[in-house]
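As structure tokens, the structure follows; a few thoughts come after it.
Here, each number is a calculation from the coordinates, and none is a lab measurement. Computed from a prediction, not measured in an experiment: that's the story for all the values here. All Cβ positions, glycine included, derive from the backbone under ideal geometry; neighbour counts span all protein chains shown.
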Amino acid sequence: MRRLNVLAAVGGMMLLVVVGTGGLAKAAHRGTNGRISFAALPAGHISTMDADGSDVRPLTRGLISHWSPDGRKIAFDDGNNNHVEVFTMNADGSGRHRVTHLDGINGDPSWSPDGTLLAFDRLPANGCCGNIWTVHPDGTGLHQVTHFTSSNPAVEPEFSPDGRQIAFFRMPPGRSKRVAIFVMRADGSHIRQVTPLRMDAAHPKWSPDGTKLIFNNDFQLVDGKAIGDIFTIRPNGTGLNQITDVARLGEADYRPDYSPDGTMIVFNQLIPKQHPDVLTMNADGTSPKVIQANAFAPDWGPLSFFTNSRKIGA
């Protein structure tokens, strides 16, 4: 679960690691690029910015954020290492609303494409067992989607653009300490492993057309160097493609997300002994550019007159 192994101080550096249902089908389509949400470090304050990193607007306390399909709301989590809940707010930071009222860790929310459900991961206070749940944004209709009984939690659920599937990652039962990406139907059935365990793959996000998952592999520190690159793969496990190649330089690219139009990627980069930065690049991995320093977990939202109005925060 993200809060249990996410925030660790390593040699003065903030190392951020991580870590439903019928009737949702909706035609997948490419959107228009809007603002990017992220958590400003080290305090953990959700903010938004334009795609070039300008016009930063602090909104509220929190860590992981996710734009609604219409760009008018943001779902996010907030709490501490022992208790985290799911919230929503308007895109300007107003209307903060607590969605879940549960014990333990409840976080990493993501919207269904029709905006009627939030998927999130839940680890009860008793420590067993970490599963994927859904809930309506008003807090009603709480529903457990997966029913894993091992101590290895399923985390970071992401609805596919047509609402029929959910991607997530978890550590399969066994001796391995590595994680893999899985895809299941939105009702929790037909769970299948997408990435090979050797990749230690995490943080899956769907391409806007639903044909690919983007993710990072093997994010860790080894002998003072960061390791991790960004890849894409088809939901059926074929077509593995490496996008970045910075691990050999002692750096890590991780937590990627597509722009709504699918032409660009926003992601985190970690250089040892520094806070992570947010970068953008073309979808083929070319022209990477730092747009925000000391920032974590970017999510690229769709264009909305409301979210992009310069009157916000005035």
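Structure above, values below:
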{"item": "Expected-Rg normalisation [2.2 N^0.38 Å, Cα atoms] applied to the stretch 40-192", "result": "1.05"}
{"item": "Total lysine pairs under 18 Å (Cα atoms) in the chain, excluding pairs fewer than 8 apart on one chain", "result": "4"}
{"item": "Label zone at Arg192, where the point sits 7 Å out along the Cα-to-Cβ direction: the stretch 166-185 residues whose backbone N lies under 19 Å", "result": "166-170, 172, 180-185"}
{"item": "Spacing of the two label points (7 Å from each Cα toward its C-beta) at Ala51 and Arg234, in nm", "result": "2.8"}
{"item": "Dipole of the chain, positive direction: furthest Cα of Asn82, Asn106, His147, with charges on the beta-carbon", "result": "His147"}
{"item": "P(r) tail fraction, the stretch 7-308 - alpha-carbon pairs more than 25 Å apart, %", "result": "43"}
{"item": "Global geometry of the stretch 152-218, whether rounded, prolate or oblate, following the gyration tensor of its Cα atoms and the 1.5 cut on a/c", "result": "oblate"}
{"item": "Global form of the stretch 147-268, assessed from the alpha-carbon gyration tensor, a/c cut-off 1.5", "result": "oblate"}
{"item": "Cβ-Cβ FRET estimate between Asp284 and Asp103, R0 fixed at 51 Å, reported to 0.05", "result": "0.70"}
